[in-house]
Structures are given as structure tokens and as C-alpha cells.
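Visitor: My questions all concern the structure below.
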Amino acid sequence: MTMKLPRWFHQLGSPPYVYRLADRLCPWLGAIGVILLAVGSVWGLVIAPADYQQDEVYRIIYIHPQTAYIGMMAYVVMAVAAAIGYVWRLKLAHAVAVSAAPIGAWFTFCALFTGAVWGRPTWGTYWQWGDPRIMFEALLLFLFLGYLALRGAFDDRDKADRVTAILAVVGVVNVPIVHYSVEWWNSLHQTSTLLDEGGPAMTTDMLIPFLIMILAFTLTFYWLLLRRLQAEIIEREGDARWIRELVGEGAP
Amino acid sequence: MSEFFLMNGDGAYVWSAYGLTLAVLILNVWLARAKHRAALQRARELAGQAQVPRRQPTVRRVQ
Amino acid sequence: MRVFNAVLARDLRVAFRRWSELAHPLIFFSIVVTLFPLALSPEGSQLRDIGTGVLWVATFLSSLLALDGLFRGDADDGSLEQLILSPVPLTIAVLAKVVAHALVTLLPLICLVPFTAYTFNIPSAALPTLVLALLLAAPTLSVLVALGAALTIGLRRGGSIVGLLVLPLTSPLLIFGTRATDLSINGEPTAAPLLLLGALAALAISLGPLAIAAAVKVGLE
């Protein structure tokens with residue numbers, strides 16, 4: 001490929017560049033993320049009015065869809081990064097995939113837990129076997145766990161990278177399935193409220209904290225991703241010169 | 001105030017949901033940080049071994 | 001095409017050479033299926049309720065048993081590397097192996113299912129649909145099992161992990177398959193889930209071998 005690629009594209013393939021970029025970005029991501037989490041939570045728990053159907057319990061709407069969405073985003077990040085690493089043999093891309101997996105698993109777990117807790121007072125049950133969205137979200141969690149388990153089983157890191165990349169890409173079909181499952185099947189879940197034609201089906205004073213929390217969780221995800229990525233980069237680069245200089249400069 | 005915690009009877013649900021999510025977030029922050037620190041520590045040891053011949057045991061700095 | 005036939009014939013020959021091993025999945029299936037009435041209750045109506053699910057899950061679990069035969073034997077004796085190095089695309093050889101697995105492992109299982117279904121009080125009118133659904137699910141299942149085997153080729157203890165990887169991926173098959181069976185038991189039209197099973201099979205056959213071949217190549221590096 002003799003395309004003329006922009007400079008930043010090449011820089012993104014350089015571990016020391018990405019490491020230092022992460023160092024610069026993380027404080028901002030962390031600070032803004034925490035602030036937005038606080039603002040969004042307070043707004044959602046206190047300021048937003050009670051729902052006329054679900055009373056106070058509806059407030060879980062400010063964390064459940066968000067954690068589910070981040071879990072799905074994490075999987076897509078993982079699959080895309082793994083695919084890039086596989087095709088172009090980029091260690092850094094594989095490092096991103098590895099870093100995203102545990103975070104995605106935790107967020108998906110939160111989604112399932114908050115969903116179950118929300119389901120009990122509203123639908124009468126914590127868990128409904130056969131509800132498509134719950135089932136496929138659980139499948140997403142299993143995919144993350146399978147990815148991590150398979151990863152851990154290999155001694156050779158390069159082989160682990162490439163084998164798990166195949167698994168990640170095969171499993172990515174599940175992400176749109178989770179999303180569309182409520183449209184394709186009868187489900188306890190309601191259909192999408194945000195992306196409907198004609199605008200969101202939520203009043204503004206509920207919509208704003210909803211969106212704030214989405215942004216808050218997204219920033220938090222990327223903070224977590226970058227910190228894990230930094231650790232992963234150091235592991236992979238071993239005793240490279242730039243690492244020796246990095247740790248020689250005193251404790252970060 | 002107690003009304004806020006009870007949430008009209010549904011307090012347990014709302015707070016356990018928010019509480020668990022917060023706990024998971026804090027755990028993840030701690031895990032990510034710990035991983036980063038551990039990697040830096042290992043890199044430090046590697047760098048220390050490369051430059052200084054092992055006459056004394058390397059001092060483990062407590063993070 | 002010749003390679004396909006050659007690999008298929010060879011795999012079938014190897015499988016039948018140790019024909020006693022062919023019986024393992026069948027015996028496993030029978031045992032699993034027997035455990036459920038023992039654990040729950042042998043009462044007729046309850047058996048019918050759980051029968052569909054038990055049969056499908058037992059079939060999926062039993063299909064995992066033939067894993068090792070798929071790639072490990074060939075990997076050990078070097079014939080897999082021969083296939084990789086040959087000028088013919090590996091995907092065709094892989095497809096032949098998948099077909100061999102389906103014929104050797106799944107087909108006997110599917111033959112056993114109607115008899116077992118009868119013991120679970122599933123009405124005989126529903127049996128044709130059950131068998132059809134299993135036949136439609138079989139290609140996808142074989143592809144997934146082969147994928148699991150290929151992903152764990154390089155591992156010593158691969159066997160324990162494969163179930164973890166493959167079984168979650170089979171959940172759509174399970175959902176549609178049991179739905180078709182249950183609908184048929186109730187006398188309702190079953191076209192929808194059967195078509196979906198067929199669609200999944202088409203998808204699996206066309207894209208599966210690509211992923212499997214890639215995994216085999218990486219695993220043997």
C-alpha cells in the first residue's frame with residue numbers, strides 16, 4: 001500500500017507516542033469523567049422528577065442503558081483493534097484489544113445486574129430466561145470471558161493475540177443482535193427510546209442527565225482503557241530504551 | 001431526607017443498582033492503576049538490573 | 001473439489017477405523033438425557049416440558065466430544081501442516097473436515113434423537129420438525145465446534161476451554177431450534193425459526209471456514 005498516510009496515523013503505531021499521549025489525556029478524561037458522573041448522578045437521583053409510571057425506580061435509567069452501551073462499545077473497540085492488529089500485525093492494536101476486554105466485561109456485568117434489579121419491581125422478575133435482550137447481553141459477557149480465558153491459556157503472547165483476534169471478530173455479530181433483539185422479538189424490554197424517528201421519546205429534564213451519564217461513562221471507559229493500555233505497552237516493550245528513560249526519570 | 005433514601009419503597013433497588021455500579025467503577029480504577037504501577041515497577045527492576053551489576057539486592061520501592 | 005473429496009474421504013476413513021470412538025458421543029448423549037428425569041421427576045407431563053430443551057442441549061454437549069479428532073490428530077502427525085502448505089486453499093480442506101464431523105458425529109446423534117424424544121413424551125407429529133430443525137442446525141454447530149477446536153489447537157489443555165468458547169456461540173441455534181420444536185409440539189407453524197436456522201447454516205458454511213482456516217494457521221505457527 002503506497003497511500004500517503006497522515007503523520008498522526010503513523011504516530012499512532014508508535015508505542016512511546018501513544019504512551020505519552022495517554023499520560024496527557026488521562027488527567028482530563030478522569031477529571032471531566034468524575035465531574036460528569038457526579039453531576040449526572042445527582043441530577044438523575046435528585047433533580048429529575050419522578051416518572052408517572054415507574055415512580056422512583058425509573059432512575060436506574062441513568063445507569064443501566066449507559067453501562068450496557070459502554071459494554072457494547074468496548075466489544076466493538078476490542079474487535080476492531082484485534083482485527084487491525086491481525087491484518088496489519090500491529091502489536092499496539094492487540095494491546096488495545098487486550099485492555100478493552102476486562103473493562104467491557106465489568107460494564108456488561110453492571111448492565112446485567114442493574115437490569116435485573118430494575119426488572120424486579122417493574123416486570124416482577126429479576127431474570128427472564130428467553131428474553132432476547134437479556135440472553136444476548138449475557139452472551140456478550142460470556143464472549144468477553146471466553147476471550148480472556150482463551151488469552152490466558154496461551155504462553156506465547158503473539159499467538160494469543162492472533163487467536164483471540166479471530167474469536168473477537170467472530171463474536172462481534174452479537175453486538176447488533178443485542179441492539180436489534182428488542183425489535184426482532186417480543187421482549188420485556190421496550191424498544192429504543194433515543195434513536196426513534198421524530199426524536200427521543202423522553203422529556204428534556206430526563207434526557208439531559210441521561211446523555212450526561214452516557215458521556216460520563218464513555219470518558220471513564222477511555223480513562224480505564226488508556227491506563228490499562230499503558231501497562232500493556234510497558235509489558236510488551238520490555239527493556240526498550242524509551243522505557244528505561246521513562247522509569248529513570250523518577251516515579252510518575 | 002429519609003424519603004430520598006427510601007425512594008417510595010423502591011430504595012433498595014435504586015441504591016443497590018447505583019451502589020454496585022459505583023463499586024465496580026472504583027474497583028476498575030483501582031485495578032487499572034495497580035496494573036500500571038506493577039508494570040512500571042517491573043520495568044524499573046529490569047532497567048535497574050541492566051545497568052547496575054547485581055552486588056546488592058535491588059530495593060523494592062513501595063508504591 | 002478433488003481436494004474436498006480427498007480430505008472428506010480420508011477423514012471418514014480415519015473415523016471409521018476407530019469406530020468404537022464413534023459411539024462415544026452417542027453414549028454421552030444417552031447418559032445426559034437419562035440424568036434429567038433422574039434429577040427432576042419422571043412424571044410424563046413434566047418430561048414433555050423439559051424434553052425439548054434437554055434433547056437440544058444434550059445434542060450440543062455431545063457434539064463437543066469429537067473435538068480432538070478434528071484437528072489435533074492431524075496436527076500431531078504433521079498432515080495438517082501438509083494441508084496448509086499445499087497450493088489448495090485451506091478453507092476447502094477445512095470445509096471437508098467440518099462436513100466429516102457433521103456426518104460422523106452429528107448424523108448418528110440426530111438419528112438417536114427421535115427415539116429419545118419419544119421417551120420424553122414428545123408427540124410423534126412433532127418429530128419430523130425436530131429432526132429437520134436439528135439437520136438445519138447441524139452445519140452451524142459443526143462449524144462452531146470446528147472453530148473451537150481450531151482456536152485451541154496450540155494448547156495442551158485446550159479441551160476444557162473449548163466448551164466455554166463454543167457453547168455461548170451456539171445460543172442462537174438453541175433459541176431457534178427449541179422454538180421450532182415447541183411450536184411444532186403445539187401444532188403451530190414453524191416456518192420462521194426453521195428459516196432462521198437455515199439462514200444461520202448458510203452464513204456459517206460460507207464464512208465459517210475462513211475463520212477456522214485462519215485459526216488453524218495461527219495455531220500451528
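The values are calculated or read from the model by the stated rules, or taken from the named source; none is laboratory data. Keep in mind that this is a model prediction, so the values were computed, not measured. Glycine gets a Cβ as well: all are built from the backbone with ideal geometry, and neighbour counts include every protein chain shown.
Visitor: Every residue in the range A:121-142 that is surrounded by fewer than 16 Cβ atoms within 10 Å (Cβ to Cβ) and either more than 11 Å from chain C (Cβ to nearest Cβ) or at pLDDT 90 or above (or both), please.
Guide: Answer for the range A:121-142, where residues must be surrounded by fewer than 16 Cβ atoms within 10 Å (Cβ to Cβ) and either more than 11 Å from chain C (Cβ to nearest Cβ) or at pLDDT 90 or above (or both): A:W123, A:G124, A:T125, A:Y126, A:W127.
Visitor: Identify, from the list C:R17, C:R10, C:R2, the residue that is under 25 Å from C:I92 (Cβ atoms) and either surrounded by 14 or more Cβ atoms within 10 Å (Cβ to Cβ) or in contact with a Cys (Cβ under 9 Å, 6 or more places away or on another chain) (or both).
Guide: C:R10
Visitor: Conditions first: (1) within 13 Å of the chain's Cα centre (by Cα); (2) away from chain A (no Cβ under 14 Å). C:A180 passes all but one, so which condition is the exception?
Guide: (1)
Visitor: May I ask you to verify whether C:E21 is within 17 Å of C:T105 (Cα to Cα) and of a type in the set (D, E)? Working first, answer last.
Guide: On the way: within 17 Å of C:T105 (Cα to Cα): yes; of a type in the set (D, E): yes.
Judged against the criteria, C:E21 is a match.
Visitor: Name, by its number, the condition in (1) modelled with pLDDT of 85 or more; (2) touching a helix residue (DSSP H, G or I) at 6+ places or on another chain (Cβ under 8 Å); (3) farther than 23 Å from C:I212 by Cβ that does not hold for C:L40.
Guide: The single condition C:L40 does not satisfy is (1).
Visitor: Step by step: first the residues of the range A:34-75, then only those that are of a type in the set (F, W, Y) and under 19 Å from A:F144 (Cβ atoms), then the one that is surrounded by the most Cβ atoms within 10 Å (Cβ to Cβ). Which residue is that?
Guide: A:Y75
Visitor: Does any residue in the range A:144-160 that is outside any helix (DSSP H, G or I) come within less than 6 Å, Cβ to Cβ, of a residue that is modelled with pLDDT of 90 or more six or more places away or on a different chain, and which pairs are these?
Guide: Sorted first by the residue in the range A:144-160, then by its partner, the pairs are A:F154/A:A160.
Visitor: Pairs needed: first member in the range A:226-241, facing chain B (nearest Cβ under 7 Å) and buried (at least 24 other Cβ atoms within 10 Å of the Cβ); second member anywhere, in a helix (DSSP H, G or I) and at pLDDT below 90; C-beta distance under 6 Å; at least 6 residues apart or different chains.
Guide: A:I234/B:A43
Visitor: Taking interchain pairs and intrachain pairs at least six residues apart, which have beta carbon atoms under 7 angstrom, with the first residue in the range C:79-93 and crowded, with 17+ Cβ neighbours inside 10 Å and the second not in a helix (DSSP H, G or I)?
Guide: Every condition considered, the pairs that remain are C:L80/C:L220.
Visitor: May I pose another question? Kindly evaluate A:A82 against the criterion of being within 14 Å of chain C (Cβ to nearest Cβ), part of a helix (DSSP H, G or I) and modelled with pLDDT of 95 or more.
Guide: In short, yes.
Visitor: Being within 9 Å of chain A (Cβ to nearest Cβ) and without any contact (Cβ under 8 Å) to a residue 40 or more places away in the chain: is that true of C:S206 here?
Guide: Considered against the rule, which asks whether it is within 9 Å of chain A (Cβ to nearest Cβ) and without any contact (Cβ under 8 Å) to a residue 40 or more places away in the chain, C:S206 comes out as no.
Visitor: If the requirement is being more than 30 Å from C:D49 (Cα to Cα) and among the hydrophobic types (A, V, I, L, M, F, W, C), which of these qualifies: C:L167, C:L144, C:L174, C:L203?
Guide: C:L203
Visitor: Of these, C:A146, C:A211, which one is assigned to a helix (DSSP H, G or I), surrounded by 23 or more Cβ atoms within 10 Å (Cβ to Cβ) and either in contact (Cβ under 8 Å) with a residue 12 or more places away in the chain or within 13 Å of the chain's Cα centre (by Cα) (or both)?
Guide: Numbers: C:A211 fails: surrounded by 23 or more Cβ atoms within 10 Å (Cβ to Cβ).
On inspection, the qualifying residue turns out to be C:A146.
Visitor: Count, please, the residues in the range C:149-169 that happen to be part of a loop (DSSP other than H, G, I, E, B), at pLDDT 85 or above and surrounded by fewer than 24 Cβ atoms within 10 Å (Cβ to Cβ).
Guide: Total satisfying the criteria: 1.
Visitor: Counting only residues that are in contact (Cβ under 8 Å) with a residue 40 or more places away in the chain and surrounded by fewer than 20 Cβ atoms within 10 Å (Cβ to Cβ), which one in the range C:184-199 is nearest to C:T91 (Cα to Cα)?
Guide: Here the residue is C:G198.
Visitor: Can you spot a residue in the range A:32-47 that is more than 18 Å from the chain's Cα centre (by Cα), of a type in the set (F, W, Y) and under 22 Å from A:E237 (Cα atoms)?
Guide: No, the range A:32-47 contains no residue that is more than 18 Å from the chain's Cα centre (by Cα), of a type in the set (F, W, Y) and under 22 Å from A:E237 (Cα atoms).
For (1) within 9 Å of chain C (Cβ to nearest Cβ); (2) over 16 Å from A:A95 (Cβ atoms), each residue gets a yes or a no:
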| site | (1), (2) |
| --- | --- |
| A:F144 | no, yes |
| A:L150 | yes, yes |
| A:F154 | yes, no |
| A:D158 | yes, no |
| A:T164 | yes, no |
| A:A168 | no, no |
| A:N174 | yes, yes |
| A:H179 | no, yes |
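Visitor: Additional query: Tell me whether the range A:98-110 contains one or more residues that are touching a residue at least 60 places away in the same chain (Cβ under 8 Å), more than 13 Å from chain B (Cβ to nearest Cβ) and either hydrophobic (A, V, I, L, M, F, W, C) or in a helix (DSSP H, G or I) (or both).
Guide: no
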